[in-house]
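Peer 1: I am attaching a structure below and will ask some questions about it afterwards.
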Amino acid sequence: MTRLYNFSAGPATLPDAVLARIREDIPEWQGLGSSVMEVSHRGAEFMALAAAAEERLRSLLAIPAGYRVLFLQGGASLQFSAVPLNLLRGRETADYVDTGIWSHKALAEAKRYCQAGVAASNAEQADFAIPAQQDWQLNPDAAYLHYTPNETIAGVEFHWIPDSGSVPLVADMSSTILSRPLDIDRFGLIYAGAQKNIGIAGLTVVIVREDLIGEAMACTPGLLDYAVQAKSDSMQNTPCTFAWYVASLVFEWIEAFGGLEAMAEYNRRKAKKLYAAIDASDFYRNPVAHECRSWMNVPFLLADDGLNAAFLEQSKATGLLALKGHRAVGGMRASIYNAMPEAGVDSLIEFMAEFECRA
Ligand SMILES: *Cc1c(COP(=O)(O)O)cnc(C)c1O
């Protein structure tokens, strides 16, 4: 069995080089006579790996001093709660930009803890556009402004960073982190589940400005308190050691790739050719406004949705996996994260043209 091109939105494909390293390191890691999954997180070897992973991430993203990097569990979804619990800091409101399903979920969770307001919404554009910032209603009393830079389901991505004034900007970067360089100092907090661009499910990375931590609500579970986790170097309890190890290999792979400038160039090129193929045909259609089309998740609809089942069956038989679109959008979705090779995108484009010809 050979590896096929996997367009899954998450858990998503990993770089072949990373899988090869994992295979090599099992069952025996660093001369310990044991795999990385079976050693203490407090042992010198794992502690060194954890510190090196953080250093690599700091270097890739140029994370300034004054930010803490946390390696947590619970997925991006648990951060929907952790963010208000930690960042409200006695305030009663927070602003949310609602651009799709992941934004809705973050907002719904925040409403448990505060009067979360909708600063802007794309509901009128059926989730397929981003409202211009001049039309946003920002509340000056908000504890923070939350947005979702890449809505994984509709494939809607901000190619700009909102201006939140003096209010800390919070971003759910689960499906776009490490796809390009980022001005970290524009943000108060960034969080991301690992299973798209960082590694495997189980790990959640949080990058948070130091002055925002230490005022969690009294009811905050200790494990969700950023101050508690920062103090214990994300080892308040047993961390997800294997996922942390995989993340460190992915960071190394991105470094070897040439860093985030090179990654961005690659991602831009892959996305551009896929959108060009979709736009050149009347058979396929992408519903997203051009200026906010995602580099990472590319939904496309067949003009005749009676052909969806045949498309999925035949694409799978050709070695192109997991192209079924989310039920909220329908049609197809190709997730082309960092680890999707350009050759995979080329194969998809070729298949799409052949399928159209045959239909
Ligand atoms: C995948 C995803 C999530 C959910 O992540 P979990 O780790 O499953 O909680 C949240 N937000 C965005 C933008 C995502 O792409």
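Peer 1: Need the full-extension length gain, residue 354 to residue 211, defined as separation in residues times 0.36 nm minus the C-alpha distance. One decimal, nm.
Peer 2: 45.9 nm
Peer 1: Classify the stretch 135-235 as rounded, prolate or oblate, taking a ≥ b ≥ c as the square roots of the eigenvalues of its Cα gyration tensor: rounded when a/c is under 1.5, otherwise prolate if a/b is larger than b/c and oblate if not.
Peer 2: Oblate shape, in that a/c is at least 1.5 and b/c is the bigger or equal ratio.
Peer 1: Semi-axes, largest first, in whole Å: what does sqrt of 5 times each Cα gyration tensor eigenvalue give for the stretch 205-359?
Peer 2: Gyration-tensor ellipsoid for the stretch 205-359: 40, 19, 16 Å.
Peer 1: Where does each of 151, 55, 356 land when they are ordered by accessible area, with a 1.4 Å probe and the largest first?
Peer 2: Highest to lowest solvent-accessible surface, that is 55, 356, 151.
Peer 1: Taking R0 as 22 Å, what FRET efficiency do you get between residue 160 and residue 272 from their Cβ-Cβ distance, rounded to the nearest 0.05?
Peer 2: Between residue 160 and residue 272 the formula returns 0.75.
Peer 1: Which helices count as membrane-span-like in the chain under these terms: full DSSP H, at least 15 Å along the axis by C-alpha, Kyte-Doolittle mean of -1.0 or more?
Peer 2: TM-like helix candidates: 44-61, 75-87, 241-257, 259-279, 342-358.
Peer 1: Using Cα-Cα distances under 8 Å and only pairs 6 or more residues apart, what relative contact order does the stretch 101-219 have, in percent?
Peer 2: In percent, rounded to a whole number, it is 17.
Peer 1: Out of residues 5 or more away from residue 118 or on other chains, whose amide H comes under 5 Å of its own, with H placed 1.01 Å from N in the peptide plane?
Peer 2: 96
Peer 1: Let me ask another. Among 282, 225, 233, what's the order by accessible area (1.4 angstrom probe), most exposed first?
Peer 2: Of 282, 225, 233, the descending order of accessible area is 282, 233, 225.
Peer 1: Still on this structure: With a probe of 1.4 Å, find how much accessible area the chain has per residue, and write the answer as a whole number in Å².
Peer 2: 42
Peer 1: Turning to a different aspect of this structure: With a point put 7 Å past each Cα toward its Cβ, work out how far residue 317 is from residue 346 in nm, to one decimal.
Peer 2: Once both label points are built, they end up 2.5 nm from each other.
Peer 1: Mind telling me which of 276, 247, 289 comes out most flexible in a GNM of the chain, alpha-carbon contacts under 10 Å?
Peer 2: Judging by the Gaussian network model, the answer is 276.
Peer 1: Follow-up. Going from most exposed to least, what order do 3, 58 have by accessible area with a 1.4 Å probe?
Peer 2: 3, 58
Peer 1: What does DSSP give for the stretch 70-192 in terms of the percent of beta bridges that are antiparallel, rounded to the nearest 5?
Peer 2: Given both bridge residues lie in the stretch 70-192, the antiparallel proportion sits at roughly 10 percent.
Peer 1: Right, here's the next one. Label the chain by shape, choosing from rounded, prolate and oblate, from the square roots a ≥ b ≥ c of the eigenvalues of the Cα gyration tensor; if a/c is under 1.5 it is rounded, and otherwise prolate applies when a/b is larger than b/c, oblate when it is not.
Peer 2: oblate
Peer 1: What accessible surface, in Å², does a 1.4 Å probe find on residue 159, ignoring ligands, DNA and RNA and rounding to the nearest 10?
Peer 2: 70
Peer 1: Any chance you could check the Cα centroid distance between the stretch 193-222 and the stretch 39-58 for me, in angstrom?
Peer 2: 17
Peer 1: Modelled label-to-label distance, residue 25 and residue 123, 7 Å Cα→beta-carbon offset: nm?
Peer 2: About 4.5 nm, to one decimal.
Peer 1: Please report the antiparallel percentage of the DSSP beta bridges confined to the chain, to the nearest 5.
Peer 2: If I count the DSSP bridges inside the chain, around 55 percent turn out antiparallel.
Peer 1: A further question follows. Could you grab the relative contact order for the chain? Cα pairs under 8 Å, six or more apart, rounded to a whole percent.
Peer 2: Computed over the chain, the figure is 23 percent.
Peer 1: Sticking with this one: Percent relative contact order of the stretch 226-334, based on C-alpha pairs within less than 8 angstrom and at least six residues apart?
Peer 2: Value for the stretch 226-334: 16 percent.
Peer 1: Rolling a 1.4 angstrom probe over the protein chains, ignoring ligands and nucleic acids, what is the accessible area of residue 111 in square angstrom, nearest 10?
Peer 2: The accessible area of residue 111 comes to roughly 120 Å².
Peer 1: For the chain, which whole-number percentage of the solvent-accessible area (1.4 Å probe, protein heavy atoms only) is attributable to carbon and sulfur atoms?
Peer 2: Taking all protein chains in place, the chain shows 51 percent carbon and sulfur surface.
Peer 1: State whether the stretch 65-191 is rounded, prolate or oblate according to the following rule on the C-alpha gyration tensor (a ≥ b ≥ c being the square roots of its eigenvalues): a/c under 1.5 gives rounded; otherwise a/b larger than b/c gives prolate, and the remaining case gives oblate.
Peer 2: In terms of gyration-tensor shape, rounded.
Peer 1: With r defined as the distance between the Cβ atoms of residue 16 and residue 37 and R0 fixed at 22 Å, what FRET efficiency is calculated, to the nearest 0.05?
Peer 2: Once the sixth-power term is evaluated, E becomes 0.60.
The values are calculated or read from the model by the stated rules, or taken from the named source; none is laboratory data. All of these numbers come straight from a predicted model, not from anything done at the bench. No Cβ is skipped: glycine too gets one built from the backbone with ideal geometry, and neighbour counts run over all protein chains shown. These area figures cover heavy atoms from the full protein model, side chains too; ligands, DNA and RNA do not enter into them. Shrake-Rupley method; radii C 1.70, N 1.55, O 1.52, S 1.80 Å.
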